[in-house]
1. Report yes if some residue within the stretch 211-234 is part of a helix (DSSP H, G or I), free of Cβ contacts under 8 Å to residues at least 60 places away in the same chain, buried (at least 22 other Cβ atoms within 10 Å of the Cβ) and outside the structural domain of VAL376 (by TED's automatic domain parsing); otherwise report no.
2. Looking at LEU110, LEU80, LEU72 in this structure, which one is of a type in the set (A, V, I, L, M), farther than 19 Å from ARG12 by Cα, in contact (Cβ under 8 Å) with a residue 40 or more places away in the chain and within 16 Å of ligand 2 (Cβ to nearest atom)?
3. Being of a type in the set (Val, Ile, Thr) and closer than 24 Å to SER381 by Cα is true for just one of ILE300, ILE273. Which residue is that?
4. Looking only at residues in the stretch 332-359 that are of a type outside the set (A, V, I, L, M) and under 21 Å from ASP20 (Cβ atoms), which one is farthest from ligand 2 (Cβ to nearest atom)?
5. Do the conditions hold for ILE269, that is, is it within 25 Å of the chain's Cα centre (by Cα), within 26 Å of ALA133 (Cβ to Cβ) and assigned to a strand (DSSP E or B)?
6. Give the residues of the stretch 163-201 that are in a loop (DSSP other than H, G, I, E, B) and hydrophobic (A, V, I, L, M, F, W, C), sorted by residue number.
7. Filter the strands (runs of 3 or more DSSP E) completely within the stretch 37-131 down to those with at least 3 residues that are buried (at least 16 other Cβ atoms within 10 Å of the Cβ), of a type in the set (A, V, I, L, M, F, W, C) and within 16 Å of ligand 1 (Cβ to nearest atom).
Amino acid sequence: MNMQQMDPKTLRELVALRRDLHEHPEIGFEEHRTSEIVATRLAAAGIEVTRGFGGTGVVGTLRKGSGNRAILLRADMDALAMTETTGLPYASKTTGRMHACGHDGHTTMLLGAAEQLVHEDFSGTVHFIFQPAEEGLGGAAKMIEDGLLAEFPVDAAYGLHNAPGMELGQVAAVKGPQLACSDRWRVTFKGEGTHGAKPQEGREPMTAAGLFLAQLNSIVARELNPLKPAVVSACALRAGNFAALNVIPDDVEIGGTARCYDPDVRDQIEAAIARIANGIAAAGRVECDVVYARGAAAVINAGAPTEIARRAVINGLGQDMLVTERDPITPGDDFSEFSSRVPGCYVHLGMGEMRPAGQHHNTNYDFNDACIPAGVGFWCSLVKEELR
Ligand SMILES: [Zn+2]
Ligand SMILES: [Zn+2]
């Protein structure tokens, strides 16, 4: 099946499903309605359904032939806590909830592929993973913690994300780093508050915080290998009170994010933040508290599954739909929870021309239904390449 071959009735029906999911967005771990729809449709198609991994997660299992190879295909189901401004007829019905990353489209395409694959030939096992809480809440980790991979061991994992602005229906299957790791850090300098006119009587944390912020930028500029990309940003600062400008506060809190692709660089950043904070605290006679919270690891595509994904694009969608080179991007995706345990490939699906300000996580974003046939076609073709 390819883009040309999806029959209009199936496409209309999948578009209706996508728009229904769009109208009813649910944020991480609250995807009750969405997972109910997914589970009901999988079961109706004759696919074995297992629920409960990661709370609202749904697994559909389809076995065919005598092959003992097993793979997982993953779609995320969650929306974001933001208010939609598209004005579309099927815009979110809930203020403060919006499918602004296209996970409504991901869910629809994987479900469409599962329903289609029931009628196709392959030899082996496919687990269709409908994951909760991709947007920073750790849904993939929760599914694995609940025993997903123990109950359903797989030889390879595949993920797909829509890409606004990339040519409609093209699929980028690129080796190596795709998405960065996504870590959070927080540093608290603790001194001893005092009168603003008598700093000598206390131990003031403000100067330490200022020096720390200045020194923070030297991690990327002066410590890391310039050929290995990384970003360290301070994004929040809390101290003192503008209604009491004669008071030096007890403490200052600073927090931010760190992104990179290389595990060694990640270790270096974590160590450098702690070292700089502790050094500056010691020099300034204050204490400090450093918390570095690792989020999802970077998504790194392995060679073998990327080759298979490429063949799937060529055979399912056509050679001209395949993109083999694309720069990595700095957001994260917890698909790495799967692809760091088994060989994995995460592809980007072109959605064509972007709506005005229609980038991911913008209030005017919408998934483009015109890429549904390519997404479904890719998944089906991939299963046939993988499980021959
Ligand atoms: Zn997102
Ligand atoms: Zn997303």
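The values are calculated or read from the model by the stated rules, or taken from the named source; none is laboratory data. All figures in this text were calculated on a predicted structure; none of them were measured in a lab. Quick reminder, even Gly has a Cβ in these numbers, built from the backbone with ideal geometry, and neighbours come from all protein chains shown.
1. Looking only at the stretch 211-234, we keep the residues that are part of a helix (DSSP H, G or I), and these are 211-216, 218-223.
From what's left, free of Cβ contacts under 8 Å to residues at least 60 places away in the same chain: 213-214, 218-223.
Now restrict to residues that are buried (at least 22 other Cβ atoms within 10 Å of the Cβ): none.
The answer is no, given that none of the residues of the stretch 211-234 is part of a helix (DSSP H, G or I), free of Cβ contacts under 8 Å to residues at least 60 places away in the same chain, buried (at least 22 other Cβ atoms within 10 Å of the Cβ) and outside the structural domain of VAL376 (by TED's automatic domain parsing).
2. Details: LEU110 fails: farther than 19 Å from ARG12 by Cα; LEU72 fails: within 16 Å of ligand 2 (Cβ to nearest atom).
One residue alone meets the criteria, LEU80.
3. Details: ILE273 fails: closer than 24 Å to SER381 by Cα.
Only one candidate passes the filter, namely ILE300.
4. Restricting attention to the stretch 332-359, the residues satisfying the condition of being of a type outside the set (A, V, I, L, M) are 332-341, 343-346, 348, 350, 352-353, 355-356, 358-359.
Then keep just the ones that are under 21 Å from ASP20 (Cβ atoms); that gives 355, 358.
Details: ARG355: 16, GLY358: 14 Å.
Among residues in the stretch 332-359 that are of a type outside the set (A, V, I, L, M) and under 21 Å from ASP20 (Cβ atoms), the one farthest from ligand 2 (Cβ to nearest atom) is ARG355.
5. Details: within 25 Å of the chain's Cα centre (by Cα): yes; within 26 Å of ALA133 (Cβ to Cβ): yes; assigned to a strand (DSSP E or B): no.
No, not satisfied.
6. Here is the first cut: in the stretch 163-201, the ones in a loop (DSSP other than H, G, I, E, B) are 164-170, 173-175, 180-182, 191, 193, 196-198.
Hits for the stretch 163-201 are MET166, LEU168, ALA173, VAL174, ALA180, CYS181, ALA197.
7. Details: elements: 48-51, 58-64, 70-76, 124-131.
In the stretch 37-131, no matching strands (runs of 3 or more DSSP E) lie anywhere.
To keep it simple, each residue is scored yes or no on (1) under 30 Å from GLU353 (Cα atoms); (2) without any contact (Cβ under 8 Å) to a residue 24 or more places away in the chain; (3) in contact with a helix residue (DSSP H, G or I) (Cβ under 6 Å, 6 or more places away or on another chain).
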{"residue": "ALA163", "(1), (2), (3)": "yes, no, no"}
{"residue": "VAL187", "(1), (2), (3)": "no, no, yes"}
{"residue": "LYS190", "(1), (2), (3)": "no, no, no"}
{"residue": "GLY196", "(1), (2), (3)": "no, no, no"}
{"residue": "PRO199", "(1), (2), (3)": "no, no, no"}
{"residue": "GLU204", "(1), (2), (3)": "no, no, no"}
{"residue": "ALA209", "(1), (2), (3)": "no, no, no"}
